[in-house]
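Student: One structure, pasted below without further comment.
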Amino acid sequence: MWYWILFGLIIFLIIMQVVVASRFKKTLVHYSSVPNKSNKTGAEIAREILAKNGISNVTVIKAGKEGVDHYDPRKNHIMLSPSIYDSSSIAAASVAAHEVGHAIQWGKRELGIRFRDTLAQPIGIISNIGSVMMNIGFTLLIFGLIFGSNSSYGTFVFWILVPGVVVYGATALFQLVTLPIEYNASYKAKKQLQTMGFITTEDERIATKKVLNAAALTYVMALITTLAVFALYLLKLLAIIGSRR
Ligand SMILES: [Zn+2]
């Protein structure tokens, strides 16, 4: 019974994730057409905030496609989408300042951002191995069902549930560590935009908050969904171990 309730919850969360992501996109598109009062582009704002904070080794570059805005501590660059890099909109100011927030965190060794970014690679590897194992598991399970083998249950446990628990557990941990880092980068962005005068009016302040909050919500939804899937795999695994004793 609990299994189906949790399964229903996961479906609901996945739908919510799509809703939250499309709401963020809509907010971003809307505020991409509202100019910021300073009339400076995302790239200019990013460079000025970096300079103000004494960060001289980070370059701001333009991405070849949309939706890839990030700060890379290894390459020492902030990559901005063309629509952020060249635009002097509220959305551009918000996203650019947020990415600079990550550069400041890294420079000041704040909030375990170095721990998070060190974690990124091993978790990527775990996730890849895990999905390969799950795929093998599904294949074996289907073969087991077709040829009527009794061993399909054991296959289910070891090739689907075990990697599932490891992958979703590791991913949840990563997303949990990411959350405060994201909120803090947005907090820094709002503060820098205001104190440096890129954002002046109350309307602009509210607009910036809307853009950054919509982005943060996508991270929250991702974490909740991962936790639910993790719980499903773990409870199923424990139930099977328990029933075999
Ligand atoms: Zn971020």
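The values are calculated or read from the model by the stated rules, or taken from the named source; none is laboratory data. Just so we're clear, the structure is a prediction, and the values are computed from it rather than from any experiment. All Cβ positions, even for glycine, are placed from backbone atoms using ideal geometry, and neighbour counts span all protein chains on display.
Student: I'm trying to understand the selection: among the residues of the stretch 193-230, which are under 26 Å from LYS37 (Cβ atoms), away from the ligand (no atom under 14 Å from the Cβ) and in a helix (DSSP H, G or I)?
Tutor: If the condition is that a residue be under 26 Å from LYS37 (Cβ atoms), away from the ligand (no atom under 14 Å from the Cβ) and in a helix (DSSP H, G or I), then LEU193, GLN194, THR195, GLU202, ASP203, GLU204, ARG205, ILE206, ALA207, THR208, LYS209, LYS210 are the ones that fit.
Student: While we're looking at this one, here's another question. Check THR27 against each of (1) loosely packed, with under 13 Cβ neighbours inside 10 Å; (2) part of a helix (DSSP H, G or I) and name the one condition it does not meet.
Tutor: The single condition THR27 does not satisfy is (1).
Student: Do you know which residues across the stretch 100-113 are charged (D, E, K, R) and either modelled with pLDDT of 95 or more or away from the ligand (no atom under 15 Å from the Cβ) (or both)?
Tutor: LYS108, ARG109
Student: Scan the stretch 45-91 residue by residue and report those that are within 16 Å of the ligand (Cβ to nearest atom), of a type in the set (Gly, Ala, Ser) and surrounded by 15 or more Cβ atoms within 10 Å (Cβ to Cβ).
Tutor: Within the stretch 45-91, ALA46, ALA63, SER81, ALA91 qualify.
Student: Can you pull out the helices (runs of 4 or more DSSP H) entirely within the stretch 39-155 that have at least 3 residues that are in contact with a Pro (Cβ under 9 Å, 6 or more places away or on another chain)?
Tutor: 90-107, 113-146
Student: Same structure again: Give me the pairs: first residue in the stretch 102-114 and at negative phi, second residue away from the ligand (no atom under 14 Å from the Cβ), beta-carbon distance under 6 Å, and six or more apart or on different chains, which are they?
Tutor: ALA103/ILE55; ALA103/VAL58; ILE104/ASN53; GLY107/ILE55
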